[in-house]
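Just below is one structure, and these are the notes that go with it.
The values are calculated or read from the model by the stated rules, or taken from the named source; none is laboratory data. Values in this document were obtained by computation on a predicted structure and should not be read as measured data. Note that each Cβ is placed from the backbone with ideal geometry, even for glycine, and that neighbours are counted across all protein chains shown.
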Amino acid sequence: MKTSRNTKTKKLFRRYMQEKLAITVLTILVVLIILAVILYRLVSNKGVDYNQIVLGHQNYESRMIPYKRGSIIDRNGTYLATSEKIYNMILDPRQMNSDDGYNYVEPTIDALAECFSYDKEELRQLIRDRADSSYVVYKKLSGEEKAKFEEYKQKKNEEYRKATVDKGGKNRITGVWFEDHYKRVYPYNNLACNVIGFALRDNNASGGVEQYYNDELTGVNGREFGYLNDDTNPERTVKPAVNGNTVKLTIDANLQNIVQKYLDEWQTTTGSKVAACIMIDPRSGEILAMDTTTRFDLNNPYDLSLYYSQEEIDAMDEKTKADAWYKMWRNFCVNDTYEPGSPQKPFTVAGAMEEGTITGNESYVCNGVMHIGDWDIHCDIRSGHGPLTVAQGIEKSCNVVMMSINQAQGVHNFLKHQAMFGFGQKTNIDLPGEADTSGLVYTEETMDVASLATNSFGQNYNTTMIQMASAFCSLVNGGSYYRPHVVKEILNDQGAVIRKNDPVLVRETVSENTSTFIKNALALVVQSGTAKAAQIPGYQIGGKTGTAQKQPRSEKNYLVSFIGAVPIYDPQVVCYVVIDTPNLPGEQQAHSTFASTVFQKIMAEALPYLNVFPEGGAGAAGDNAALAEQSEGIIHSETTAAETPTNPDGSAATQGPSYDEEFIEGGHAEELPAEMPSGASVEQAEDSAGENDDAQAAAAQAAAMAPQ
């Protein structure tokens, strides 16, 4: 019995040990599998890094491979910004002076002199002086020059290897390599410069799309790791660079060219402090063209010679010069604010109709003046317009009608609809430095009866061009407020679309009925009201003129404007022209015809290009004709701006007489309230882009990197 018990115990122990061993083996196998998986992943994903570590224990060198910054193209594929590869010739004197018994210096110098006619003695001296250096930037070369040298080097080294075959073969031309760099190039110089912005060395971007979409345009640098083997031949491992994405704009380069041509014509004839234009698709918020006359050469963004004499530039200190650059780089359409004037009037009417304060069938009597609070606020016709309907109030640009409507709807309802239209709010356009106007509009606590009156016709509050253009689009498209944008798509380095900027409907502002009423009134403005100068034969155009007194009122400076939609009953394009302070004395500035005429010239050329033809004309355009894709490249018109037919007074031949224009709509300067909202100053209105925003930070960085 005892023997049997011992045998049983041994069997149990043996089985226990076998199970324990099996568990141990299984555990080890699992651990080994996990380690194998981890090692595989590390080798797969970090192979280059491990190669780098290995190479680091040998005669190791490393160099950066720069990425190519993404291109910027217009909606038709025309390149507006691209990067061209250039090459730095790098000399490695330490490698040339290797002490392995061979002479590398003279064969290398001979090769450089043969290919490029470099001075041999200069090269010898440089190699002696920098004998311990492995990195000497010597010359910049084109791709053709680089290829020429490499071909020559390969041929001569083959000869050297054959001559020393008994000693293992030696390359004798060595210690010369090339470092890739990219130079930012803007093929059309100043075209859309305020929209595009520019990229400095090291891909630091300032302004425009270059800055706003910098993360998309920026790639990732690669790295080349290498070492010299026993024969001093390089062995290398390369981690390729990842290039930046391409940004496709909503801008059409041909429309941009048309806009710039006619703004330039204005500036070189009468001229002004600044003139600007936005062309936008009201059905999507896509910006088709955007220009400010304070332009600059994107290839030379620090050149101030267009605006200052050389003596003035030489006299500038660093701060003055930085301020001058910043002013030149600003985009008036987005960065600057102003009192809009009469383009506000359709919004005053639309808000009152939406609120039910008016139906549109009311009549008013304009006697030329209304006494509001302590002020007598006049109409442009001092004797008065007489009886007017609501639509005629817009047509004739009557201040009295607008003030009467605002008195009826009151502060709360007026400000409610101003906010609906986006006044006092950023549009969130995809450009940097959009002005913040939240402190430049009234609140219910700060608005008094005089401010309610003057706001009705666009005085005593500030807006931006992009705010006004976006709000106006919602008035004429049936009430849909779309976020404005300048980028249509993002494409990767292979040309595949990786992101689309589809239209973003922010809110509905007015009903279809209100929109129709406003469009009818805007058509009257062009047909028989203050904007006859905007007429184009065969086209139904609707729009609104503006003539706003600037702060301070006593200086009698004016900002004139026109905003219009074509065709007015099926709007495909909205164009907004603003002229700030024409180069004329006092009240001679106050002619909205200046802006209406520029609008007329721009649209007369742009509409046929967009396949929007006169009624009954060739191939009347469908809903999407305005955005039919055009061929790549800029089409240069046979007719220059200077050849546009004009009347003796300089106005376009197709426009009506100048006396129909709006003139000094707010009355004399001393009779218009001068206070800004919430006590805001004129300086706040002019500098409302935000002192600490990213646009100013980028501009400051750009100024700091200016060539000395």
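Key figures
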| quantity | calculated |
| --- | --- |
| Lys139 under 30 Å from Tyr302 (Cα atoms), of a type in the set (Lys, Arg), at pLDDT below 90 and outside the structural domain of Asp264 (by TED's automatic domain parsing) | yes |
| Leading residue by the ranking (surrounded by the most Cβ atoms within 10 Å (Cβ to Cβ)) among those in region 243-263 that are out of contact with any Phe, Trp or Tyr (no Cβ under 6 Å at 6 or more places or on another chain) and more than 30 Å from Lys601 (Cα to Cα) | Thr246 |
| Filter pass, Asp264 being touching a strand residue (DSSP E or B) at 6+ places or on another chain (Cβ under 8 Å), assigned by TED's automatic domain parsing to the domain that holds Lys550 and touching a residue at least 60 places away in the same chain (Cβ under 8 Å) | no |
| Residues (part of a loop (DSSP other than H, G, I, E, B) and surrounded by 13 or more Cβ atoms within 10 Å (Cβ to Cβ)) located in region 498-513 | Asn501, Pro503, Val504, Thr509, Val510, Ser511 |
| Filter result (under 30 Å from Thr218 (Cα atoms) and aromatic (Phe, Trp, Tyr)) within region 81-122 | Tyr87 |
| Selection within region 454-495 - touching a Cys at 6+ places or on another chain (Cβ under 9 Å) and under 17 Å from Tyr213 (Cβ atoms) | Pro484 |
| Residue in region 282-296 that is surrounded by fewer than 22 Cβ atoms within 10 Å (Cβ to Cβ) and of a type in the set (Asp, Glu) present | no |
| Test: residue in region 166-180 that is without any contact (Cβ under 8 Å) to a residue 40 or more places away in the chain and buried (at least 18 other Cβ atoms within 10 Å of the Cβ) | no |
| Subset of region 81-103 (residues that are part of a strand (DSSP E or B) and without any contact (Cβ under 8 Å) to a residue 24 or more places away in the chain) | none |
| Residue list for region 551-563, filter: crowded, with 22+ Cβ neighbours inside 10 Å and touching an Asp or Glu at 6+ places or on another chain (Cβ under 7 Å) | Leu559 |
| Test set (1) of a type in the set (A, V, I, L, M); (2) part of a helix (DSSP H, G or I); (3) in contact (Cβ under 8 Å) with a residue 24 or more places away in the chain; (4) touching a Phe, Trp or Tyr at 6+ places or on another chain (Cβ under 9 Å) - Ile127 fails condition number | (4) |
| Test result for Asn189, exposed (fewer than 13 other Cβ atoms within 10 Å of the Cβ) and within 30 Å of Asn254 (Cα to Cα) | yes |
| Every pair of residues 6+ apart whose Cβ atoms lie under 8 Å, when the first sits in region 142-161 and is within 12 Å of Ile173 (Cα to Cα) while the second is hydrophobic (A, V, I, L, M, F, W, C) and assigned to a helix (DSSP H, G or I) | Phe149/Ala111; Phe149/Leu112; Phe149/Cys115; Phe149/Phe116; Tyr152/Ala111; Tyr152/Cys115; Lys153/Ala111; Lys156/Ala111 |
| Residue identified as closer than 23 Å to Thr292 by Cα, in the same structural domain as Lys273 (by TED's automatic domain parsing) and surrounded by fewer than 24 Cβ atoms within 10 Å (Cβ to Cβ) among Thr547, Thr581 | Thr581 |
| Top-ranked residue in region 264-279 [being under 17 Å from Asn335 (Cβ atoms) and surrounded by 24 or more Cβ atoms within 10 Å (Cβ to Cβ); ranked as farthest from the chain's Cα centre (by Cα)] | Ala275 |
| Members of region 303-344 that are in a helix (DSSP H, G or I) and in contact with a Leu (Cβ under 9 Å, 6 or more places away or on another chain) | Glu312, Ile313, Lys321, Ala324, Trp325, Met328, Cys333, Val334, Asn335 |
| Single match in Gly495, Gly458 (criterion: part of a loop (DSSP other than H, G, I, E, B), of a type outside the set (A, V, I, L, M, F, W, C) and touching a helix residue (DSSP H, G or I) at 6+ places or on another chain (Cβ under 7 Å)) | Gly458 |
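Here is a yes/no grid of residues against (1) closer than 25 Å to His417 by Cβ; (2) in contact (Cβ under 8 Å) with a residue 60 or more places away in the chain; (3) in a loop (DSSP other than H, G, I, E, B):
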position	(1), (2), (3)
Ile358	yes, no, yes
Tyr364	yes, no, no
Ile381	no, no, yes
Gly384	no, no, yes
Ser397	yes, yes, yes
Val400	yes, no, no
